[in-house]
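Right, one structure below, let's go through it.
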Amino acid sequence: MGSGKSTVGAELAARLGWRFVDTDDVVERDQGLLIEQIFSTLGEARFRELEHEVMQALLQQEQLVVASGGGWAASPGRLSDLGAGATTVWLRVSAEEAVRRAQAQSHDRPLLRRTDALRAARELLLLRTPLYAKSQYEVDTEGFSVEDVTIRVMELLGLTGPTTETE
């Protein structure tokens, strides 16, 4: 949350000439509800099931950059059970910066709807860090522009951009 997954993911996909998908957007579209409505009416557990179903379908595709929800990646086994064609990048950010970014966005964050959002973010990060650390790559996003982070991800992955055919 607030790490830049959607923004960096979209930029990375554009530079590669690939498609970008945010799993939250797909779940919202498929359910006809906003994430906060899904949390309040169906519950977090059902949201996580829907998120997992979406990710399973997306993992069958190629030339795709996916921004998964932080809860999806924090479920045990999710990162280690991906196929050989999938690459994982953890966009690391402090709890303080995540809260600042999330609160600056217009959409609601159900997991931060607590009296002390910073404390909640710290608790989430503490619980999720060992699972996020199973990512193949880790990139610090704090204090860096979207362009800087995107370029760093491309360097780590050995990617240079869209390929063009020559005649």
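Just so you know, all these numbers are worked out from the coordinates, no wet-lab data involved. Here the structure is a predicted model, which means the values were calculated and not measured. Reconstructed Cβ throughout: ideal geometry from the backbone, glycine too, with neighbour counts over all protein chains shown.
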Measure off 7 Å from each Cα along the Cα-to-Cβ vector at Gln37 and Asp116, then give the distance between these two points in nanometres to one decimal.
-> 3.4 nm
Summing -39500 (n - 2.57) over the DSSP H runs of n ≥ 4 in the chain and dividing by its residue number, what mean residue ellipticity at 222 nm do you reach, to the nearest 500 deg cm²/dmol?
-> -15000 deg cm²/dmol
Inter-probe distance in nm under a simple model that places probes 7 Å from Cα toward Cβ, at Met154 and Gln60 = 3.1 nm
